[in-house]
Every structure is written in structure tokens, then in C-alpha cells.
Amino acid sequence: RSTRCAKASDRQCRLEPLNTAGIFLQPRWLKNMTSTHTTPLIIDVRSPGEFATGHVRGSVNIPLDRFAQAIAEAVPDKSAPVILCCASGGRSGMACDYMQQMGYQQVSNGGSAGAVSMQCGLPIDRL
């Protein structure tokens, strides 16, 4: 299953499907971000309660209902690489679309926190 931003034509926010063995393939956005040698900021847009039950190590919690007010302060550099995640990719897709409309250049919808954890090789932490 693929996860996309709200815009179906936006290829940058695509999460590659599972291969036949059930293992996630490395998505293009992760290859592009890691080739620049700049560590992407991972933003989890779930509620604080959801974030506390398990989130990617080092991720920042900016709930979707506060996202528009908080993103400019959290990520002032519009060229910084950002990976967004949530429970399934729906909310992070909306946040990804919003950031692109605001002029952010390297923003990607990573899908679920679990998928981002596996793809980036980072553990899940709980509060």
C-alpha cells in the first residue's frame, strides 16, 4: 500500500509499497535525504497521547490541530529535510501538503511512525 500527500501527483511524498517478502523498500525520499548527509527532522503529527504510546526516537511532536501555528517556529529553514509521520499516513499527508504549500522544499510523508522507524533504522520510544 502506498501513502501519499493530499496531492496524488506529488511524487516526493510517496512511500514505497511492501515487497513480496513483506519488507519495506527504501523510499526515494529517504534515499534523497540521506544522500545529502543532512539528518532529516522527523515530525509526528499525532496527539500528545498517541505520541506518548510510541514514537520514533528523536522525533518532535506537533499535533495536526496545532500544526499551522507551530511549524514555522519549529522549522524556520524551508530547505531543511523533514519527514512527517502519524498513525497511518493520513494526517502526515495533510501536514506534508500544507508544508509544501508554505514553500518547504524537502518535506516527505513517511506514513506511520512504525514505517519511519523501520526505514530510518531508529527505535520506537515510549514516554
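Could you work out what % of the accessible surface of the stretch 75-119 is carbon and sulfur, using a 1.4 angstrom probe and leaving DNA, RNA and ligands out of the count? It is 56 percent, rounded to a whole number. Database remark: amide H of Asp44 closer than 5 angstrom to the amide H of Val60, Asn61, Ile62, Cys85 (H placed geometrically; neighbours at sequence offset of 5 or more, or on other chains; Pro and chain starts carry no H). In order along the stretch 93-99, the phi-based Karplus estimate (6.51 cos²θ - 1.76 cosθ + 1.60, θ = phi - 60°) of 3J(HN,Hα) comes to x, 5, 5, 4, 4, 4, 5 Hz; Gly and Pro are listed as x. For Gly111, the amide hydrogen comes within under 5 Å of the amide hydrogens of Cys86, counting only partners 5 or more places away or on other chains and with H modelled in the peptide plane. Applying both filters, DSSP loop and at most 14 other Cβ atoms within 10 Å, to the trypsin sites (Lys or Arg not before Pro) of the stretch 44-114 gives Arg57, Lys78. Taking every pair of alpha-carbon atoms in the stretch 46-122, give the share separated by more than 22 Å as a whole percent. I get 15 percent for the Cα pairs in the stretch 46-122 exceeding 22 Å. Computed extension gain for Gln101 through Leu127, at 0.36 nm per residue and net of the alpha carbon distance, reaches 6.1 nm.
The values are calculated or read from the model by the stated rules, or taken from the named source; none is laboratory data. Given the structure is predicted, the values throughout are model-derived calculations rather than measurements. Because the Cβ atoms are built from the backbone with ideal geometry, glycine has one as well, and the counts that use them run over all protein chains shown. These accessible areas exclude ligands, DNA and RNA; they are computed on the full protein's heavy atoms, side chains included. Shrake-Rupley method; radii C 1.70, N 1.55, O 1.52, S 1.80 Å.
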